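The values are calculated or read from the model by the stated rules, or taken from the named source; none is laboratory data. Values in this document were obtained by computation on a predicted structure and should not be read as measured data. A quick note on method: Cβ atoms are made from the backbone with ideal geometry, for glycine too, and the neighbour counts reach across all protein chains shown. These accessible areas exclude ligands, DNA and RNA; they are computed on the full protein's heavy atoms, side chains included. Shrake-Rupley method; radii C 1.70, N 1.55, O 1.52, S 1.80 Å.
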Amino acid sequence: MVLKNIGIHTRVLTAAVMLISASTLTLGYLGVNIINQFVTSRFSERINFMTQYLALNSELGILIDERALLKGLAQNMLKENDIAGVIIVDSQDRELVREERQIQGPFQTAGKSVYLSQAQGENMFLDSINDTPGIKKIGRVDVIYSTRGIKDLVNKMKQRFFIIALTLILISCLIFYFISRSLVRPVKSLSKVARKVSMGNHDIRAPQGNTPETIKLADAFNEMLDSIARGRRTIVRAYEKMARQETLAEVGKFSMMIAHEVKNPLAIIKSSLEMMKKELDIPRDNIALTYAEEEIVRLNDLIESFLMFAKPARPSFEITDLNKLIYQVVIGFEIQYDTTRLTITSSIPDTPFFAKADFDLLSRGVANIIKNACEANQGKGEVEILIESKKNKWQLRVGDQGAGIRTEKPDEIFEPFFTTKATGTGLGLAFADQVVKAHGGSITAENRPEGGALFCVTMFAHLTDRQQSGEE
Ligand SMILES: Nc1ncnc2c1ncn2[C@@H]1O[C@H](COP(=O)(O)OP(=O)(O)OP(=O)(O)O)[C@@H](O)[C@H]1O
Ligand SMILES: [Mg+2]
């Protein structure tokens, strides 16, 4: 349970510290011990050798009891490091020479017996030959030496070893720290990113790290986030569409109610006004009555637009010449507008282009686009209407010289009730779009580089069975 709370980083680091420390200390301890033994044995060998050498040289001095000679030898010996004293005794253990000097202990003694030359030469390294017949022991040399130097050397070595071992442990730990951090960091940042995403930040993505494994992990994680984001967008769009459809359904019901409740009284008001005019002999240009009549017409139009959009008539498709349809719509606009101020330039081919269409519905849809162009021009300038057809594709272009489309989202203008006009319903383009789509076509809108907006309506020809099979 407790282990659960210990992170990978800490685990890797602890394991590394323990392993590195254990192996460095064990190896170091063994190394120091071996070196210690080696150095100590070499040291005692050296002292033994020097003692033996002194024993050899002392033979003559002991034989002839020449103390000055022995003293010289002892003094020479004292010049060596670590030698604290030399004692030479004869066979009766009488002290012939004792030379000492003050150095720090602890002390040890190396003693060698002195034999007559013949035996000594043959038994140079034997010390227990006293009782051997024919070999005569004539004295003994004792060399007192200090082991402090060698102990200091070993201690210094131990200290150095510990410093080196600690440095090695520290460096290895640092290396492991950085390696394990670089491995754990991407995992940590993944969990951070996941938490941020769950808190609503859907644009954030995981950093890749710097090893192939972490790069792959981050890529897979980010792909998963991308696909979640895509799914989310689809759901949001579907939800928005559903909400819009619900609103439209509500609007539809509301419009129907208005149609029944308001349209009929309006018609009654309108005919009553006309009757009043006649009966009371009111002049035709009476301002108040004209104003009232105009407002009645406007209200009626508004209700009609609502009705048209909310409960569109089911198109009754017939083989229709689209070019002729546009020609008639344009004529209607030329009659409606003051053509001295607003020029409607149209380029409509003479040859018919047949498609399956509801003449009335499509005329009203296209008229909404041309009406917008004329309104954008504010009743002056030029509105260009151009038709191009290629094979079975037909395209109507309506260009104006107005201020252009000014919305953040280009498709917004096709949304029902979207308007930038004070008295607009925002249903004109929504209706046109609905009608053109019902005819299997599409509408696009853009701003022209030279200014003004350009609307394109694309439709397709009705092909006979023979045309479809490519015989004509
Ligand atoms: N030719 C155009 N130039 C610039 N903006 C346009 C043009 N046509 C449409 N728009 C923009 O699209 C919006 C929606 O047009 P739509 O025809 O649907 O409604 P409306 O014209 O505002 O109202 P109504 O059609 O009821 O008079 C307009 O308010 C306008 O902002
Ligand atoms: Mg409009």
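Observations
- Qualifying residue in the stretch 415-427 (condition: crowded, with 21+ Cβ neighbours inside 10 Å, among the β-branched types (Val, Ile, Thr) and closer than 21 Å to GLY332 by Cβ): no
- Hey, GLU408 surrounded by fewer than 17 Cβ atoms within 10 Å (Cβ to Cβ), more than 7 Å from ligand 1 (Cβ to nearest atom) and not assigned by TED's automatic domain parsing to the domain that holds ASN300 or not: yes
- Residue within the stretch 330-349 that is closer than 20 Å to LEU429 by Cα, away from ligand 1 (no atom under 15 Å from the Cβ) and either free of Cβ contacts under 8 Å to residues at least 40 places away in the same chain or not assigned by TED's automatic domain parsing to the domain that holds THR444 (or both) present: yes
- THR420 within 45 Å of the chain's Cα centre (by Cα) and near ligand 1 (Cβ under 7 Å from one of its atoms): yes
- In the stretch 368-391, residue farthest from ligand 2 (Cβ to nearest atom) [restricted to those that are assigned to a loop (DSSP other than H, G, I, E, B) and surrounded by fewer than 15 Cβ atoms within 10 Å (Cβ to Cβ)]: LYS391
- Tallying residues that are more than 24 Å from VAL17 (Cβ to Cβ) and surrounded by 13 or more Cβ atoms within 10 Å (Cβ to Cβ) within the stretch 180-191 yields 2.
- Residue list for the stretch 82-109, restricted to those being open to solvent by less than 50 Å² (accessible area, probe 1.4 Å) and either within 60 Å of the chain's Cα centre (by Cα) or closer than 8 Å to ILE144 by Cβ (or both): ILE83, ALA84, GLY85, VAL86, ILE87
- GLN467 modelled with pLDDT under 90, open to solvent by less than 80 Å² (accessible area, probe 1.4 Å) and either of a type in the set (Ser, Thr, Tyr) or away from ligand 2 (no atom under 16 Å from the Cβ) (or both): yes
- Check on THR425, in a loop (DSSP other than H, G, I, E, B), within 25 Å of GLY381 (Cβ to Cβ) and either among the polar types (S, T, N, Q) or within 7 Å of ligand 1 (Cβ to nearest atom) (or both): yes
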